[in-house]
Amino acid sequence: MSGQGARPPSQPSPARGEGAFFLAPIKRGPRVGPPLGAGAKRIAWAALALMLTLFAADLAFPPPLERARVVSPVVLDRNGQWLRAMQTPQGRWRLAARLDEIDRNFLDRLVRIEDARFWLHPGVDPLSLTRATFNYARSGRVTSGGSTITMQLARLLEPRPRTVSSKLIEIVRALQIERRLTKREILAAYLTMAPYGGNLEGVRAASRAYFGRDPEWLDDSEMALLVALPQAPEARRPDRRPDAARAARNKVLARFAAVGAISRERAHEAAADPIRGRTPFPASALSISERLAAAHRGAAIVRSSIDAPLQQSLEALAARRAQALERDATIALMAVEIDQRAVRASIGAADRNRAGGWLDMTRAVRSPGSALKPFIYALAFNDGIAAPETLVRDAPRRFAGYLPENFDRRFHGDVRLEEALQHSLNVPAVATLERVGAARFEAALTEAGARPRLPRRELSEPGLALALGGVGLTMEELVTLYAALGDEGRARPLTYEATPSVWTRAHSFVRPATARKVLDILASSPSPAGRAPAALAQHAPRIAFKTGTSYGFRDAWALGVGGGYAVAVWVGRADGAPRPGATGRDAALPILFEAFDLIAPNAKAPATEELQHAPAPGLARLDSPRVSDAPAILFPPDNTEVLVLEYGPRSRGLSLSARGGRPPLTWYAEGNEVPTEPTSGRAIWRPTAPGFHDVMVIDADGRAASVRVRIRNSGS
């Protein structure tokens, strides 16, 4: 066959769809057909303008997809166990749906019932819309829905009255959504926002509330209920309208059978399952969960360092113990694994129904009472000022206008420092702090991670009252200090994160031998009433503990180290009111030992050897006349950086401290003599400018010592 435009037989026509058209060379021939008319050009230009207009409108008015990303943050423990979820700003329980963690059979059945051509259409199903429109025109009412899952998502993102104009907007929005998201993303967003009754949104929230677990595995009855609820969530709420929920579920089960998802026998069996009411979500580690959710704002999942079983056990312990307290009193408790400084349990208050129950008392600034005494002795041992066997006289004594007395108002004569610490004697502690230096002690605590708050800080200097709790600290700071003792004197910040983003460098608080000495002394303290010493109990960790009672019985403390954990317990009133007679030994120490009993399964095996004191001088006396050695500066230490709040003569200044030398000592800094305050007898240096400065001390025999320090504040 021949004729104009016929292909020669030797050139077979390329098969359709094989791509031959794009491979064959293009031969230009004479134009065939009439030229494009003016009307056709106008139509083409109009079509192009319409496309550009639609594209610009799509960019200018995108669908509010960000609303689907607002979900309830869920805080998990170290092993992924649910601790607590927080509501959205609108008061909804909306949990992010992750398709890989949802029963695949449920996803398949949902699509088959709600939108059979979901994976094929561009957001709008013309066949469903045509059928729904025809049925509406014939009956005058809605008998079948034409909305796709994408259109339903558009309605959830922008709720509107159910009108024809709203349907048209949903169609446009569905096309926009499909252009921006994949099908799996659309399905996940729908299952995150779908309503399930009350303030439940999303399939995970519904499964948690109605079945007590995530929707990773669902039976036929549960799947049918989760498909039925979004169609009429309030009318079918299982907790309020169980009969309506049962009828709707059974109707969906029949549809499952009709589309071949299950057999009619299985549908009949599932229809007999009971309808359960709503169960509360897990709620543990309330204060920590709120803090972590706020720190990771916008995150759907937050993993913490908390150990859920231990947290729940200690919460139960605190709640049980609080029942014996007056209504206005509460209990706070922390347990820290020393190796990683990971907080494994934290209870800010025993019961939120009690006074102050919504406050996190682990972060409240309170007086530590005698809980700081171990660190006074630790610095004295560390600096070579004294040893555990050093004698000190426990007798009435005035320290620059300060006259301390023991808690029982009795004095014991000559005692060893280790005995003074074990029995928490006040006069020896103040005498030791006098030798260490209050400024040196305060600086050491600050460098270790605690931040002592002095009363009227702008006017006060650190004084000897630090020994007896005349300073404010938080439980977090105290447990940080005790954890340092349990880590051979290395101080590091606590962490609440499952995987800390930055590994913090340890600060050497005291030497390892010093930390072991102090722990050995504390572990030998008298056990609480009714408690056998650890040496007599099988597999019990050896607990080094210290109690504290603040002035006026406002705070009762017990802190301990053992089995690789540091634990802190506080008992008191959140408003700071006194609780006459409530001491740390009576009110807090029994709770501390019970907490260690609960920690025991996680604790390290107890040490097989008793810690022994390092060689120390004989029965030297702390308060005997000092040997006139050459002076040595204790504070500020050499080659260190010291932070100050402000400069000049009105600043708080730094209290200079030295040991040795024959008094009087004369201090020099910045080339000038440092004056001695008549009230405290301390040399107070008030730096005038930041930078590097030499500090020198000279004793009465002309012997000198000097250090070089850098002075700066937070802004320099």
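The values are calculated or read from the model by the stated rules, or taken from the named source; none is laboratory data. Everything numeric in this text was worked out from a predicted model, so none of it was measured. Using ideal geometry, Cβ is built from the backbone for each residue, glycine included, and neighbour counts are taken over all protein chains shown. For the accessible areas, the whole protein counts, side chains as well, though only heavy atoms, and no ligand, DNA or RNA atoms are used. Shrake-Rupley method; radii C 1.70, N 1.55, O 1.52, S 1.80 Å.
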- prompt: Are there any pairs with C-beta distances below 7 angstrom linking a residue in the stretch 691-716 that is among the hydroxyl-bearing types (S, T, Y) to a residue that is crowded, with 20+ Cβ neighbours inside 10 Å and modelled with pLDDT of 90 or more, with the two at least 6 apart or on different chains, and if so which?
  reply: S706/V695
message: Yes or no: the stretch 193-200 includes at least one residue that is assigned to a helix (DSSP H, G or I), touching a strand residue (DSSP E or B) at 6+ places or on another chain (Cβ under 8 Å) and not charged (D, E, K, R).
response: yes
task: Take the stretch 510-543 and flag every residue that is assigned to a loop (DSSP other than H, G, I, E, B), modelled with pLDDT under 90 and under 16 Å from A600 (Cα atoms).
output: R531, A532, P533, A537, Q538, H539, A540, P541, R542
- request: Please find, within the stretch 696-713, the residue that is nearest to P631 (Cα to Cα) out of those that are open to solvent by 50 Å² or more (accessible area, probe 1.4 Å) and in a strand (DSSP E or B).
  value: A704
- request: Could you check R94 against (1) under 36 Å from the mean Cα position of the chain (by Cα); (2) at pLDDT 95 or above; (3) surrounded by 13 or more Cβ atoms within 10 Å (Cβ to Cβ); (4) more than 25 Å from R160 (Cα to Cα) and say which number it fails?
  value: (4)
query: Only one of L168, L200, L191 is out of contact with any Gly (no Cβ under 9 Å at 6 or more places or on another chain) and at pLDDT 95 or above; which?
result: L200
query: Within the group L325, L372, which residue is in contact (Cβ under 8 Å) with a residue 24 or more places away in the chain and buried (at least 21 other Cβ atoms within 10 Å of the Cβ)?
result: L372
task: Looking for whichever is open to solvent by less than 40 Å² (accessible area, probe 1.4 Å) and part of a strand (DSSP E or B) here; the options are A350, A332. Which one fits?
output: A332
- prompt: So which residues in the stretch 226-237 are under 16 Å from R276 (Cα atoms) and open to solvent by 10 Å² or more (accessible area, probe 1.4 Å), if there are any at all?
  reply: P233, E234, A235, R236, R237
- request: Specify the residue that is most open to solvent (accessible area, probe 1.4 Å); the eligible residues are those in the stretch 56-71 that are part of a loop (DSSP other than H, G, I, E, B) and out of contact with any strand residue (DSSP E or B) (no Cβ under 9 Å at 6 or more places or on another chain).
  value: F61
field: Cβ pairs under 8 Å, 6+ apart, first in the stretch 409-425 and closer than 18 Å to T514 by Cβ, second acidic (D, E) and in a strand (DSSP E or B)
entry: A420/D394
query: Of all residues in the stretch 641-669 being open to solvent by less than 40 Å² (accessible area, probe 1.4 Å) and outside any loop (DSSP other than H, G, I, E, B), which is nearest to I698 (Cα to Cα)?
result: W667
message: Among the residues of the stretch 409-428, what is the count of those that are at pLDDT 90 or above, part of a loop (DSSP other than H, G, I, E, B) and surrounded by fewer than 19 Cβ atoms within 10 Å (Cβ to Cβ)?
response: 1
message: So, in the stretch 676-690, exactly how many residues are loosely packed, with under 12 Cβ neighbours inside 10 Å and either more than 30 Å from R398 (Cα to Cα) or modelled with pLDDT of 85 or more (or both)?
response: 1
- prompt: Does any residue in the stretch 263-286 that is hydrophobic (A, V, I, L, M, F, W, C) come within less than 8 Å, Cβ to Cβ, of a residue that is in a loop (DSSP other than H, G, I, E, B) and surrounded by 17 or more Cβ atoms within 10 Å (Cβ to Cβ) six or more places away or on a different chain, and which pairs are these?
  reply: A270/I262; I275/P238; A285/D77; A285/I306; L286/G348
field: Unique match (being touching a helix residue (DSSP H, G or I) at 6+ places or on another chain (Cβ under 7 Å) and of a type in the set (S, T, Y)) among T192, T182, T163
entry: T192
task: Taking R490 as the residue in question, decide whether it is open to solvent by 20 Å² or more (accessible area, probe 1.4 Å) and at pLDDT 95 or above.
output: yes
- line: In the stretch 430-439, anything more than 17 Å from L485 (Cβ to Cβ) and open to solvent by less than 40 Å² (accessible area, probe 1.4 Å) is listed as V430, A431, L433, G437, A438, A439
